1. Convert each backbone phi in the range 156-161 into a coupling constant with the Karplus relation 6.51 cos²θ - 1.76 cosθ + 1.60 (shift: θ = phi - 60°), then list the ³J(HN,Hα) values in order as whole Hz, x for Gly and Pro.
2. What is the set of long-range amide H partners of Ala213 at a cut-off below 5 Å, with H atoms built 1.01 Å from backbone N?
3. With a 10 Å cut-off between alpha carbons and a GNM built on the chain, which of Gln257, Gln66, Gln104 moves the most?
4. Just to confirm a number: summing +1 for Lys and Arg and -1 for Asp and Glu over residues other than Ala230 whose beta-carbon lies under 14 angstrom from that of Ala230, what do you get?
5. At Leu311 and Ala126, where each label point lies 7 Å from the Cα along Cα→Cβ, what is the point-to-point distance in nanometres?
6. Note down the nm distance, to one decimal, between modelled labels 7 Å out along Cα→Cβ at Asp186 and at Asp296.
7. Can you tell me the Rg and Dmax of the chain, counting just the alpha carbons, in angstroms?
8. For Lys17, go through the lysines and keep the ones whose alpha-carbon is under 20 Å away, minus same-chain ones fewer than eight residues off.
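Just so it is clear, none of the values below were taken in a lab; they were calculated from the coordinates. All values reported here derive from a predicted model rather than from experimental measurement. Note: ideal-geometry Cβ built from the backbone for every residue, glycine included; neighbour counts use all protein chains shown.
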Amino acid sequence: MIGNQGGKVTLTPGFKKMLESRFEERVRFDAPMSDYTSFGVGGPADALVAPADTSELIDLLRALEQEGIDWFVLGGGTNLLVTDAGIRGVVLSLREGFGGIVTQKKDADHQEQVLVHAGAGARLSALCRYAVAHNLRGMNFAVGIPGTVGGAIIMNAGTAEGAIDSVLSAIDVLHVPDQPGIISRDELLFTYRGLEFKPSMRGQSGHEPIVLAGRFSLKPEYGRRLAAEAEALLAERRKNQPAGLSAGCVFKNPSAQMPAGRLIDRAGLKGQRIGDALVSEVHANFIINCNKAGADDILRLMEIIREKVYLECGVELKPEIKIVGE
Ligand code: EPU
């Protein structure tokens, strides 16, 4: 849960007015999070704001911190389950102002490498396509992973072919509320599907830094070869993974030898359904929102999966998706 529900810090009419005049069409009040998540579920956020650039983001964060209003950075919403009650506070979207992808220069430490700078709000799929179009190897592991570059960095998104930490050279961050900085790969503690920041990297507010962009170290390669590889990987994903409203894999793999999908499958849970939330028949670690599932349906189904897998296999599954909201 995010938010300061105990303290009930809500958006005052004055604060709403300020947001409205400053962000105009880039602020939406009572924004249904079902519109912003690939699961297609989630109640309203008090406000969703898309700052145009770093200076707007800084101004907004200063105001939020000053008022004691909670905030939350939204990536692509593809790995997210927002509760039916929604999110109290302000959701920050970096999709509009932080989506650029440019080639920077040769990586100074690795002369044969090329550095690509991708904004946190860029689609990861756009970065994969950019790399292929510019004859650069390194991003194909991520072909078919939905979401944004920022979300992928925070989650250390990956597949059997690799993960973000293997290609990242540094990240551009904002130490909350107002100190931009660059953190090199060596200073970052990546875990399986996660990124931890050293306590010293928290700004005066105590918040973890906000990821504004990634600098990816890629290698020159013949583009056609990359395109063929990417196509084969995508075809493989499409074969093994279901279409429809989902947040990708719901649980982390307890280990490489014990993928969650296999455990859930063995526990006989494919096709299990609560309301419109369904354990996929194609891949058991996907829950599909078949029509009008609520977050509660999905949460109950997750609980059933955890219990049954624990009973049948003695393994405790941990969610990979992030659950946020009141
Ligand atoms: N399996 C089953 N039944 C199922 C699903 C899978 O028996 O219903 C078995 C497969 O036969 C295979 C093994 O489980 O032997 C692993 O399955 P798969 O190759 O599909 O990989 P995964 O570990 O389930 C991971 C990532 C995916 C990523 C794929 C492709 C995690 C939790 N999942 O899935 O990432 O797309 O590899 O490389 O790490 C995601 O993060 O949202 C996600 C979908």
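1. Result, ordered by residue: 6, 4, x, 9, 4, 7 Hz.
2. For Ala213, whose amide H was placed from the backbone, the distant partners under 5 Å are Ala120, Asp172.
3. The residue that fluctuates most here is Gln257.
4. Working: positive: Arg129, Arg137, Arg224, Arg225, Arg237, Arg238; negative: Glu161, Glu221, Glu229, Glu231, Glu236.
That works out to +1.
5. Rounded to a tenth, the inter-label distance reads 4.7 nm.
6. 5.3 nm
7. Calculated on Cα positions, Rg and Dmax stand at 20.2, 57 Å.
8. Cross-link targets: Lys8.
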